[in-house]
1. Can you list the cysteines of chain B that have no other Cys Cβ under 4.7 Å away?
2. Taking amide H positions as placed in the peptide plane 1.01 Å from N, state which residues far from residue A:240 in sequence (5 or more) or on other chains have amide H under 5 Å from it.
3. Extension gain residue A:31-residue A:346, at 0.36 nm per residue separation less the Cα-Cα distance, in nm?
4. Kirkwood-based Rg over Rh for the stretch B:2-75 (C-alpha set), two decimals?
5. I need the calculated FRET efficiency for the pair residue A:113 and residue A:277, taking r as the beta carbon distance and R₀ as 45 Å, to the nearest 0.05.
6. Checking the cross-link filter: which lysines have an alpha carbon closer than 23 Å to that of residue A:228, excluding same-chain neighbours under 8 positions apart?
7. Can you compute 3J(HN,Hα) from phi for each residue in the stretch A:27-41, using the Karplus curve 6.51 cos²θ - 1.76 cosθ + 1.60 with θ = phi - 60°, rounded to whole Hz and x for Gly and Pro?
8. Rounded to the nearest 0.05, what FRET efficiency do residue B:33 and residue A:248 have when you use their Cβ-Cβ distance and R0 = 25 Å?
Amino acid sequence: MEKREMIYLDNAATSFPKPYAVSDAVKKYMLYCGGNAGRGGYESAIQAGRLVYECREKLSEFFGAKSAEAVFFTMNTTQSINACIRGSLKKGDRVLISNIEHNAVYRPIYKLSSKGQIDYDTFSVIENGVAVSQEEIIADIEKKVTKNTTMIVCTAASNICSVRTPIREIGELCRSRGIRFVVDAAQAAGHFPLSVEDMKIDALCVPAHKGLLGPQGCGAVLLGEGVKMQTVCEGGNGVDSLSGEMSEDPPERYEAGTLPLPAIAGFGEGIEVVKEIGLERIEAHEAALFKRAREELLNIGGVKIFCPESEGSVILFEIEGKGSEEVAAELAKAGICVRGGYHCAALAHKAMGTEESGAVRASFGIFNKESDVDALCDAVRKISK
Amino acid sequence: MKELYGMCVAEIGSMTQAMRAQRLLSELAIPSTVQKTQSSSGRGCAYGLYISCAQKENAEMIFGREGVKIRVWKNAK
């Protein structure tokens, strides 16, 4: 692939660039190990098993889970969420989701609901384009919980703007009512702290390739203590191989088929890089870039920023009279990578009031600089004229 | 296998449990190795955690405390 200059502001889709340590770990696994974890008994297979276990340990420590066994791998966050939703719900259950969920949450819930298997409702995190207070969010949930409510699925941070949800408070509420709490941390993991045990999360779904700086092709679920689910995919996992049933114990219970070992190698290194930089520093850096972008964009006539008061790694805007895809295409011509449209977030765009034309999302990462923000704003200024 | 003389083997049902067991032992500076082994339970794949038999009691204690599932202890041949 040809190398060209670009300003990458689509870190909410996937982070770029990846740290050298990450690509090096992937390469090393592929060149010098290559074994399949939990299968053979030769040295490279045992090495692969160790690599997988060490990545489980790193995830468990980073996200405050009880143990490495609480971590199972998937291909991405969407698979993680699907495993938790489909593996937990039964006929007649009621689920609450926020009104800013990504389609990774909305679509499986919608499908189960449309087949008459479950019932669901939404609670408001954004209303008419304005972020709702934490107290109002909790009050709305309290109001909508019924005796049949068995699960709340909620994103920790929106994928279209920097609005966050009060995960700790929702976790408390769920624990006190015996409701399973599933958290989509696609836009939160590696951006700000989350803790499975402290926040009373039953299942935390994370990607390798976004804030945790790893490769695509791997996600994980971190289970709360004692959480057990049905399997949604069955097959070989190197445990109890003579049985027709999947093995009982996590994590292998939820891991049918060969794991994405190169990606897991990189995932582990990505976590190490994030730890070395420090979550506080990452959060502060991204918020500083957000504030700079907000300040500059607000000074450009015809530019509207959505939920500007919520500071984080994602800024959503539109230019009056121009479609979001048109703006994104113009920015691409200037070498600036952002995403227009709907960001696989039907509910969130409805709540934001942008379901007609979508909006433009710029999302920052730890490797972005102030000059990247300035380049974005200069280009937007030119496009808006 | 001369180096396995006086070695005991804990048969464990999964790679994750075997790695966990090895990690727990390493924290106590007890050396161990993991090898795939013939299952004696009839349940399929198994991993053998090889340690000096002199450390077997310590290992049993720590595994019991930490909930590591050992299918069976054997002497290494």
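1. B:45, each lacking another Cys Cβ under 4.7 Å.
2. B:45
3. 109.2 nm
4. Numbers: Rg = 11.1 Å, Rh = 12.0 Å.
That ratio equals 0.93.
5. It comes to 0.65.
6. A:58, A:66, A:90, A:91, A:111, A:147, A:200, B:69
7. My calculation for the stretch A:27-41 gives 4, 4, 4, 5, 7, 10, 10, x, x, 9, 5, x, 10, x, x Hz in order.
8. So, using R0 = 25 Å, E works out to roughly 0.40.
Since every read-out is calculated from the coordinates, none of them should be taken as a lab result. Values in this document were obtained by computation on a predicted structure and should not be read as measured data. Note that each Cβ is placed from the backbone with ideal geometry, even for glycine, and that neighbours are counted across all protein chains shown.
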